[in-house]
């Protein structure tokens with residue numbers, strides 16, 4: 001977990017405050033328990049002023065036009081381009097992952 005928080009913060013859901021003042025994320029099984037200023041393992045959620053906030057809300061880390069055949073939409077409008085986008089963040093720690101470099105911003 002990191003302690004660097006910059007930029008705008010959007011209120012998060014699915015969390016609760018612990019007796020010791022930390023906040024606990026309830027989104028994934030990791031259940032990150034964070035002090036103010038810390039980010040969870042996913043780098044998407046953080047503790048800020050005693051609440052859980054989203055640090056990537058409204059900020060995309062990648063856009064791409066892909067062929068529809070690349071998506072899990074079997075036989076849906078063949079040959080159609082589709083917009084793909086996403087934010088940084090993952091709660092896995094795969095040693096071979098190249099995406100971790102994009103998440104560690």
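Rounded to the nearest 0.05, what FRET efficiency do residue 63 and residue 36 have when you use their Cβ-Cβ distance and R0 = 30 Å? Present the calculation step by step, with values, prior to reporting the outcome.
Values: r = 33 Å, r/R0 = 1.09.
So, using R0 = 30 Å, E works out to roughly 0.35.
At residue 16 and residue 73, where each label point lies 7 Å from the Cα along Cα→Cβ, what is the point-to-point distance in nanometres?
3.9 nm
Can you tell me the relative contact order of the stretch 10-54? Whole percent, Cα pairs under 8 Å, sequence separation 6 or more.
Working: 85 pairs, mean separation 16.4, N = 45.
Computed value for the stretch 10-54: 37 percent relative contact order.
Work out, step by step, the length gained on full extension between residue 80 and residue 96: first 0.36 nm times the residue separation, then minus their alpha carbon distance; give nm to one decimal.
Value of the extension gain: 2.6 nm.
We did not get these values from a lab; they are worked out from the coordinates using the rules stated. Small disclaimer: the values here were computed from a predicted structure and weren't measured. Glycine also receives a Cβ, built like all others from the backbone with ideal geometry; neighbour counts cover every protein chain displayed.
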